[in-house]
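Peer 1: Please find one structure pasted underneath; my questions will follow.
The values are calculated or read from the model by the stated rules, or taken from the named source; none is laboratory data. Owing to the predicted nature of the structure, the values given are computational and were not obtained by experimental measurement. Counting neighbours? That spans all protein chains shown, and the Cβs are built from the backbone with ideal geometry, glycine included. Note: accessible area is taken over every heavy atom of the protein model, side chains too, but ligands, DNA and RNA are not part of it. Shrake-Rupley method; radii C 1.70, N 1.55, O 1.52, S 1.80 Å.
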Amino acid sequence: MSSVDTVSLQDMWDRVVGTQPDPPSWLALVTGAVAVAVVLYRPTWRPLRTVVTIAHEGGHAMVALLMGRRLSGIRLHSDTSGVTVSVGKPTGLGMVFTAMAGYITPSLLGAGGAALLAGAHITMVLWVALVLLALMFVAIRNWFGALVLLVTAGVIFAISWLASARIQAAFAYLLVWFLLVSGVRPVLELQQMRSRGRAPWSDADQLADLTRIPGAFWVGFFGLVSAAALGIGAGSLLT
């Protein structure tokens with residue numbers, strides 16, 4: 001390996017694990033307001049909901065592996081839905097935790113990202129996202145899903161490697177705020193669909209079958225975790 005390559009790798013590592021200067025105090029407020037706006041505004045929420053689906057299905061996949069299940073694959077669809085298939089015992093704690101993970105993962109990722117930003121690890125937020133996307137890419141089983149992951153990873157990599165420190169900070173804060181805020185809306189949408197009988201195979205209803213605890217309880221659980229993560233994450237970003 002040449003000295004140039006060594007220096008480049010060392011520079012990359014230092015940038016990822018190191019800290020960056022704190023952005024202006026107004027940045028957290030502005031990016032938070034933008035995140036709320038794009039989540040509430042239907043024309044922007046519709047395409048960006050795919051980002052939430054990536055986190056949702058990634059959560060199912062990660063917990064399935066942690067529970068000792070075998071991951072068969074992940075599919076992301078153009079209607080912003082997705083499916084994660086794992087093989088293992090159809091009942092028990094492993095299946096319960098796997099089904100539980102999807103709706104709370106975006107919010108928990110957002111809270112984790114907020115903690116990193118509070119510690120001035122701006123570049124690390126972006127590269128953790130890249131690592132998670134790369135791991136998920138291995139399990140993708142359809143072309144649309146692969147394309148979505150490649151485009152998302154490409155945008156994050158370009159910003160983390162080519163953009164100025166101010167742009168990196170703005171994007172990292174916006175990404176984290178988006179995960180925190182967008183974690184709440186799918187839970188509300190889930191309850192609306194369930195009330196109309198349009199989500200008979202939702203995660204909440206699967207959990208109801210697995211645990212004999214009503215699906216409404218699980219929707220409330222998803223909402224409580226998402227709201228708590230939003231509150232904790234917001235506190236970290238704004239202090």
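Peer 1: Over segment 23-238, average the accessible area per residue using a 1.4 Å probe and give it in Å², no decimals.
Peer 2: On the way: 10480 Å² over 216 residues.
Normalised by residue count, the accessible surface of segment 23-238 is 49 Å².
Peer 1: Where nothing but the Cβ of Lys and Arg (+1) and of Asp and Glu (-1) is charged, how large is the charge dipole of the chain around its Cα centre, in debye to the nearest 20?
Peer 2: Working: 15 positive and 10 negative charges, 144 e Å.
Rounded to the nearest 20 debye, it is 700 debye.
Peer 1: Quick check: at a probe of 1.4 Å, how many percent of the accessible area of the chain sits on carbon and sulfur atoms? Write down the numbers at each step before the final one.
Peer 2: Numbers: 8670 of 12400 Å².
It is 70 percent, rounded to a whole number.
Peer 1: Quick one: which residues, 5 or more positions from LEU71 or on another chain, have an amide H under 5 Å from its amide H? H modelled 1.01 Å from N in the peptide plane, none for Pro or chain starts.
Peer 2: VAL87
Peer 1: Working from the pairwise distances between different alpha carbons, so that the mean of 1/r is found and then inverted, what is the chain's Kirkwood radius in Å? Mind showing how you got there, number by number?
Peer 2: Details: mean 1/r = 0.0534 Å⁻¹.
One decimal place: 18.7 Å for the Kirkwood radius.
Peer 1: Output wanted: per-residue J couplings in Hz (rounded whole) for segment 69-82, from phi through Karplus 6.51 cos²θ - 1.76 cosθ + 1.60, θ = phi - 60°, x for Gly and Pro.
Peer 2: Rounded to whole hertz, the list is 8, 9, 7, 7, x, 10, 10, 10, 10, 5, 8, 6, 8, x.
Peer 1: Of GLY82, GLY92, GLY112, which has the largest mean-square fluctuation in a 10 Å C-alpha GNM of the chain?
Peer 2: Comparing GLY82, GLY92, GLY112 in a Gaussian network model of the chain, the most mobile one is GLY92.
Peer 1: I need the calculated FRET efficiency for the pair LYS89 and THR239, taking r as the beta carbon distance and R₀ as 45 Å, to the nearest 0.05.
Peer 2: It comes out at approximately 0.55.
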